[in-house]
Amino acid sequence: MSREAEDEAADTPIGDWQTEGKGTVRIVKCGRALCGYTLNASSDDKGEAVLVNMKPKTDAQWTGNVYSHDSGDTYYGTTAMQGANTLRVEACALGRFYCSGNNWTRIGGRSGALITSRQTLSEPRS
């Protein structure tokens with residue numbers, strides 16, 4: 001992965017996240033938007049889509065759709081970075097009048113997108 005892609009991923013939700021009680025979600029680019037999928041804990045395979053077509057609204061916020069497995073419905077939703085390792089995910093119902101959400105925590109050990117000191121030292125210098 002290029003340094004530019006690594007820097008971008010550290011400032012975006014791209015990577016693996018631990019949700020509040022719902023498991024692990026992997027967020028990836030899908031075209032010009034971001035999409036998030038549940039991860040099967042035993043095989044690391046992508047499962048059900050939970051974040052759909054999340055497009056940038058600001059440098060640290062994306063809007064799109066959030067799928068709720070519990071209700072089977074899709075809602076207007078937002079994601080917003082709250083620092084490098086916290087993502088606030090909200091879903092809104094009733095014409096965006098009622099919104100609720102929770103904070104997801106980046107899984108540092110499984111996110112290959114973050115730059116570590118080992119990675120920066122191993123690159124050749126010019």
Checklist entry - Roughly how many Å² of Y98 are accessible to a 1.4 Å probe, to the nearest 10? => result 130
Checklist entry - Roughly what would the spin-label model give for E20 and K57, points 7 Å off Cα along C-beta, in nm? => result 1.8
Item to check | Using θ = phi - 60° and Karplus 6.51 cos²θ - 1.76 cosθ + 1.60, couplings along region 58-75 (whole Hz; Gly, Pro as x) | outcome: 9, 5, 10, 9, 10, 10, x, 10, 10, 8, 9, 5, 4, 9, x, 10, 10, 10
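The values are calculated or read from the model by the stated rules, or taken from the named source; none is laboratory data. Keep in mind that this is a model prediction, so the values were computed, not measured. Here the Cβ is made from the backbone with ideal geometry for all residues, glycine too, and neighbour counts use every protein chain on show. Please note that ligands, DNA and RNA were not included when accessible areas were found on the heavy atoms of the full protein model with its side chains. Shrake-Rupley method; radii C 1.70, N 1.55, O 1.52, S 1.80 Å.
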